[in-house]
1. Name the single residue that is most open to solvent (accessible area, probe 1.4 Å) among those in the stretch 78-91 being in contact with a strand residue (DSSP E or B) (Cβ under 7 Å, 6 or more places away or on another chain) and over 18 Å from Gly150 (Cα atoms).
2. Limited to the stretch 92-112, what total is found for residues that are touching a strand residue (DSSP E or B) at 6+ places or on another chain (Cβ under 6 Å) and either assigned to a strand (DSSP E or B) or open to solvent by 70 Å² or more (accessible area, probe 1.4 Å) (or both)?
3. Has the stretch 102-111 got at least one residue that is in contact with a Lys or Arg (Cβ under 9 Å, 6 or more places away or on another chain) and of a type in the set (S, T, N, Q)?
4. Under 7 Å between Cβ atoms, at least 6 apart or on separate chains: pull out the pairs that start in the stretch 126-143 with a residue that is open to solvent by less than 50 Å² (accessible area, probe 1.4 Å) and end on any residue that is in a strand (DSSP E or B) and of a type in the set (Asp, Glu).
5. How about the stretch 72-84: which of its residues are closer than 19 Å to Tyr167 by Cβ and in a strand (DSSP E or B)?
6. For Leu94, indicate whether it is out of contact with any Asp or Glu (no Cβ under 6 Å at 6 or more places or on another chain), free of Cβ contacts under 8 Å to residues at least 24 places away in the same chain and under 22 Å from Val55 (Cα atoms).
7. Could you list, in sequence order, all residues of the stretch 59-77 that are of a type in the set (Val, Ile, Thr) and open to solvent by 40 Å² or more (accessible area, probe 1.4 Å)?
8. Taking the stated definitions as given, is Leu119 at pLDDT 95 or above and open to solvent by 60 Å² or more (accessible area, probe 1.4 Å)?
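The values are calculated or read from the model by the stated rules, or taken from the named source; none is laboratory data. Worth saying up front: this structure is predicted, and the values here are computed from it rather than measured. Glycine gets a Cβ as well: all are built from the backbone with ideal geometry, and neighbour counts include every protein chain shown. Keep in mind that these areas ignore ligands, DNA and RNA; they rest on the heavy atoms of the full protein, side chains included. Shrake-Rupley method; radii C 1.70, N 1.55, O 1.52, S 1.80 Å.
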Amino acid sequence: METGNKRLLLGLCLALAGLPAMAQDPIQVIEPTLDRREFEPPAIDTENFEVGMFVGMISIDDFASEPVYGVRAAWHLSEDFFFEANLGMAEADLTSYEKLSGGAPLFEDSERDYQFYNLSVGWNLLPGEIYFSESRAFKSDLYLTGGVGGTDFLGDTWFTATIGIGYRLLINDWIALRMDVRDHIFDRDTFGEDETTQNIEWSTGVTFFF
């Protein structure tokens, strides 16, 4: 009797051990259905040279705000840094004193020609992209600039330091739109004493990569 119970218990254990293997179905892997976004990487020209033109306004210290225009050229050393050369021109009106006094002009018309030129180093502080739609993005850069140069004004040439901030938006692989704000700082002794002048330039322009 005891031997029969042992055989029955052993057979039951073997049956239970083999039951999961026989009863379990193969595991089916579920593939998720995802909508893949298709995009094209920005086709930015691989050349490192940028040239263009700009127009805007410049506030000449002790004078008025006048239209300014010029050209610029840049050499991009890397994605972060670039060298830039600028040449700009404007024409100053009467000084505040001349307007208030109503007397004879203090300067000849030729002396009121305002011309600046400088070399600057630029740093792309915040490179990024702007999305105008789900499938269209434009590369952009917020950058800082600083440099030195000269300003021809009132019959003399003044050593000038320039600092500024700008924004560049590439609309395709070789054309960019730019907006800049720059301060041209130089010491001037035109009115009998040395003074540091702040000459703020606001400009917008278009540049081309090649």
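1. We begin by selecting, within the stretch 78-91, every residue in contact with a strand residue (DSSP E or B) (Cβ under 7 Å, 6 or more places away or on another chain); these are 79-91.
Okay, now just the ones that are also over 18 Å from Gly150 (Cα atoms), so 79-82.
Numbers: Glu79: 155, Asp80: 69, Phe81: 96, Phe82: 1 Å².
Result: Glu79.
2. 0
3. Within the stretch 102-111, none of the residues are in contact with a Lys or Arg (Cβ under 9 Å, 6 or more places away or on another chain) and of a type in the set (S, T, N, Q).
4. Going by the 7 Å Cβ cut-off, the qualifying pairs are Ala137/Glu129; Phe138/Glu129; Ser140/Glu129.
5. Arg72, Ala73, Ala74, His76, Phe81, Phe82, Phe83, Glu84
6. Spelling it out, it is not the case that Leu94 is out of contact with any Asp or Glu (no Cβ under 6 Å at 6 or more places or on another chain), free of Cβ contacts under 8 Å to residues at least 24 places away in the same chain and under 22 Å from Val55 (Cα atoms).
7. Applying the first criterion (of a type in the set (Val, Ile, Thr)) to the stretch 59-77 yields 60, 68, 71.
Within the stretch 59-77, just Val71 meets the criteria.
8. Values: at pLDDT 95 or above: yes; open to solvent by 60 Å² or more (accessible area, probe 1.4 Å): yes.
So Leu119 passes the test.
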